Structure formats: C-alpha cells, structure tokens
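Just so it is clear, none of the values below were taken in a lab; they were calculated from the coordinates. Being a predicted model, the structure only gives us computed values, none of them experimental. Don't worry about glycine lacking a Cβ; one is built from the backbone with ideal geometry, like all the others, and counts go over all protein chains shown.
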Ligand SMILES: [Zn+2]
C-alpha cells in the first residue's frame with residue numbers, strides 16, 4: 001500500500017529527467033499509453049520512495065515512465081508513454097499540445113475532442 005501523502009508531482013524529479021534526456025522534460029507533453037491523456041510531464045504523479053522512481057498518469061494512475069539507478073547507470077522504461085512531444089529549438093509548431101480527454105461511459109476508453 002502506497003502512502004498517498006508521499007506522492008509528488010514530476011517537478012520533484014525534474015533533475016533526474018534532465019539527466020536522462022538531456023533537456024528539461026517537465027514541459028514536454030506526453031500521451032498516456034493506457035488512457036490517452038495528454039499533458040505536460042510535470043503533471044505526472046511521482047512515486048520516489050521505492051528502489052526506483054515511477055511516474056504515473058494523473059488521470060488513470062497507470063505507469064507512464066519509470067527508472068532506476070544501478071551501479072552501471074540508469075534503466076529507463078517508457079512503455080507507458082505512447083508519445084512524447086519534443087519541440088526542436090528551431091522546429092515547426094507541433095500542433096496543439098494539450099487537449100481535454102473525456103471518458104465515454106461504458107467504453108473504458110477516453111475520447112479526445
Ligand atoms: Zn492515463
């Protein structure tokens with residue numbers, strides 16, 4: 001059982017994410033592979049009190065990203081992120097970054113507007 005008082009937002013692990021990806025990832029938009037929620041990485045729920053760090057979707061709480069430090073480096077699992085929208089410094093606009101996700105009754109799957 002996880003003590004919910006220990007859950008942080010992903011800003012708490014911004015330094016780790018920057019170390020892993022080489023950029024500030026907190027404003028990067030992710031898409032949850034489970035529910036389709038789109039949102040900045042900073043909105044993920046950070047569970048940091050285990051052997052590794054787990055970032056969960058703020059809508060469905062499914063795992064989006066997890067990593068652990070080992071003596072040999074970092075192990076990273078991003079299977080829960082269907083997409084990461086990284087802006088290039090001089091690149092084109094990637095389109096709308098955040099769209100609301102509205103669950104449809106009975107389907108168990110959200111539908112984007
Ligand atoms: Zn989700």
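General observations
- Rounded to whole Å, sorted largest first: equivalent-ellipsoid semi-axes of region 4-85, Cα gyration tensor: 18, 14, 12
- Working from label points 7 Å from Cα in the Cα-to-Cβ sense, the residue 58 to residue 5 distance is 2.3 nm.
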